[in-house]
1. Search the range 62-82 for residues that are under 22 Å from H97 (Cβ atoms) and of a type in the set (D, E) and pair each with any residue that is modelled with pLDDT of 90 or more and open to solvent by 70 Å² or more (accessible area, probe 1.4 Å) when their beta-carbon atoms are under 8 Å apart and the residues are at least 6 apart or on different chains.
2. Which pairs turn up if I take residues in the range 17-46 that are assigned to a loop (DSSP other than H, G, I, E, B) and look for partners that are open to solvent by less than 100 Å² (accessible area, probe 1.4 Å) and modelled with pLDDT of 90 or more with beta carbon separation below 7 Å, at least 6 apart in sequence or on another chain?
3. For S44, all conditions in the list (1) of a type in the set (S, T, N, Q); (2) crowded, with 16+ Cβ neighbours inside 10 Å; (3) within 17 Å of H97 (Cα to Cα) hold save one; what is the number of the exception?
Amino acid sequence: MDIVVKGRKTEVPERFRKHVAEKLNLEKIQKLDGKVISLDVEVSKEPNPRQADRCDRVEITLRSRGPVIRAEASASDAYAALDLAAEKLDAQLRKQHDKRYTRRGSRRLSAAEVPDHVPGVATLNGDGQPVSAGESNSVPTKKIGSLEVQGDGPLVVREKTHVAAPMTLDQALYEMELVGHDFYLFVDSETKQPSVVYRRHAYDYGVIYLDTDPMVAQAHSPEAGGTLGG
């Protein structure tokens, strides 16, 4: 890659072109930004005598695969303006380089890693309450809906309760087609049972009725925990 030096409404002497090549060290620039495509330097002169202290202006444009970087400065002569612009360019390149380095070197910490990286951080249980050092080693318990889960137990994404009037099987099929689902939960108006109608292959439908087994219900009853016999 070469440095392109051009003048706008002014001549650029060869001596200045050589000074640009020495001042803008390409090797140093490419270390800070290895994707540099082009580097242009434009020199212009302000003819207004009232602005003699900043009559020479130098603009440096660096194009790479990232954002374009521009640095410009004005001074009483082109050499001083180049020095100022080169310092601004160097500062911007270092800033971009540091950003890229920080992004590569950083990563998000998981909640479990925070205590290892942040001294004195409080450890929280499943309810978001701080726990002591002795308790932090135990398996956390959290509440998900009506379930009390320890550790990474089952994940309940959503819990809903619907209130609906009992309906016939035909009505349930109609409602299922209306909402576009492959199943529909309803209470059968004839049997009063919780039921599910679902779509099978082709245009076939199926229905599941939920009934309670009195023996199972008795076995899970709180009052069924006594011993047999007197």
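1. E72/K88
2. L24/L39; L24/A86; E46/R57
3. The single condition S44 does not satisfy is (3).
The values are calculated or read from the model by the stated rules, or taken from the named source; none is laboratory data. Worth saying up front: this structure is predicted, and the values here are computed from it rather than measured. Every residue, glycine as well, gets a Cβ built from its backbone with ideal geometry; the counts of neighbours run over all protein chains shown. Remember, those area values only see protein heavy atoms, side chains included, never the ligands or the DNA or RNA. Shrake-Rupley method; radii C 1.70, N 1.55, O 1.52, S 1.80 Å.
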